[in-house]
Each structure stands twice: as C-alpha cells, then as structure tokens.
Amino acid sequence: MTPPPAWYTQSRLEALIIEASRSSVHRALARGMGHDIRGPLQTMMLAGPSSDTWGSEADIRMLRSALGHATGRLSELADLVGALSTGTESPDSGPISLSDVLPRVVALNRLYRGAASPDLLVGPTTGLPAVHGHSGALSLALLNLILNARDAVHQVPDPQIRVECEGAGAGVRISIVDNGVGVPGADRERVFEPFFTSRPEPHLGMGLPAARLLVAGFGGRVTLEPVDGPGARFVLQLESWPPVTGGRA
C-alpha cells in the first residue's frame, strides 16, 4: 500500500463531509435506480410464461428482444450497485484505468433525471497512463463534480457538460467543463469551503469540498480554473501509476 502524501491528514470534519456527500449521492442514485429497475421488471412480467402476449413467431421474437434489453439493463444496474458498494473508506489504492472509471460515472450520471440532464460529452482516453487512486473515491469525486456542473446548467438554453482528459507531466488532468452560470469572482476562493453554496436548499455545499477531499488521500488535486466566456472549468489532477514515493511535498 502506498502511504498518503505527507501534506495530507484527514480530520474528523473532513470525514464527515465525505460521508454527508456520499449519503446525499447514494439517496439520489437509489431513486434513479428504482425508476430504472421498474421498467425492465414490468417487461419481464408481461413476457412471463403465463402471459397472453405469447402469440405469433414475430411476437415471440419481439418479446425475446425486449427481454434481452431488460436483462442487460438490470445487469448494468447490478454492476453500478457493486461499484457503489466498494465504498471510499479503504486506504488501499492502486493503478486505475480511466477507460474503466469514466463509463461507470457516465452510467451513474444517467440515473439522475431532471429538466436539465444533458448527456456528458466525454473526450478520448486513448494513450493516457493508469492513474494512482482508489476506484470508489475517484468515481464519487468525479460524480460530485459532474453533479455540480448539472446544477450550474439547469436553466441555460443549451446545457452542455464536457469531460476532457489529457496527460500532464507525470499525471493526468480531467476537466469538467460546463456552459452554465459560472462562479462569481467573489466566490472563487470559497467554493471549496464546507457548507458554502450560492444555491437554494437542499444544496448543502458539500459536493466540491468532498470531491477535493476524496482524492487528496492519494495525491489528487481539484482546482477551479478560469474560462473564456460563460461557464466553469473544474480540474481534477491525478498522479500516474506508480506514484512518486512519499507523495507531493
């Protein structure tokens, strides 16, 4: 196990921030999963052996196709539940492929349904090195950054959220870029403070500080960078694997 960076020591408050963020995200995901599970289950019930819908061969082919889609969706949801159940409290970390983590985060994002729910525009990860981290913590940190962007684009006419990945020295930069309301200059230094939020309830101001804390234990950094025009760019910087012994100074 690689020790955490010398500069990082988690306090009790930080642990509570992470737990509050996880609880909020998990509740919302549970609602989304409940919605998505009902559809496949209804399909299976309609296609059951006692159903009167068994008829011509064309009907049977259609039902088989519907069952295939339903079981595939249930399998995907089971995988997501497994990913969430890995937790973020484990100190163990290792090499992570972004080509594995990002599709999972994209699928989790789809479980959130709302008036402004744009699909993520995810850039290529080809050629990027494996990064140092913990899969559960990294997934939740990315999800928190994406949900923050979703809130920001909620009322813009053409909402867009991009996930851009690029190599950066001995690591990787993952940028979450949106065309939303942006961050006022007076708030730029405060957005990572616990409980600070410019949005109405039920927002508690936990998402961004939790994202920063979740990756801090394995040398990750989350920053807010300036953009040309409307919107915001939050950047998650990760070390490539294997990490530098002892972490950053």
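The values are calculated or read from the model by the stated rules, or taken from the named source; none is laboratory data. Being a predicted model, the structure only gives us computed values, none of them experimental. Every residue, glycine as well, gets a Cβ built from its backbone with ideal geometry; the counts of neighbours run over all protein chains shown.
Summary table
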{"item": "Failed item, numbered, when P91 is tested on (1) modelled with pLDDT of 80 or more; (2) over 22 Å from R162 (Cβ atoms)", "result": "(1)"}
{"item": "Subset of segment 199-236 that is among the β-branched types (V, I, T) and not in a loop (DSSP other than H, G, I, E, B) - its residue that is modelled with the lowest pLDDT", "result": "V215"}
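Okay, residues lined up against (1) under 11 Å from the mean Cα position of the chain (by Cα); (2) under 12 Å from V105 (Cα atoms); (3) at pLDDT 85 or above; (4) not in a loop (DSSP other than H, G, I, E, B):
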| position | (1), (2), (3), (4) |
| --- | --- |
| G127 | no, no, yes, no |
| N148 | yes, no, yes, yes |
| D158 | no, no, yes, no |
| V177 | no, no, yes, yes |
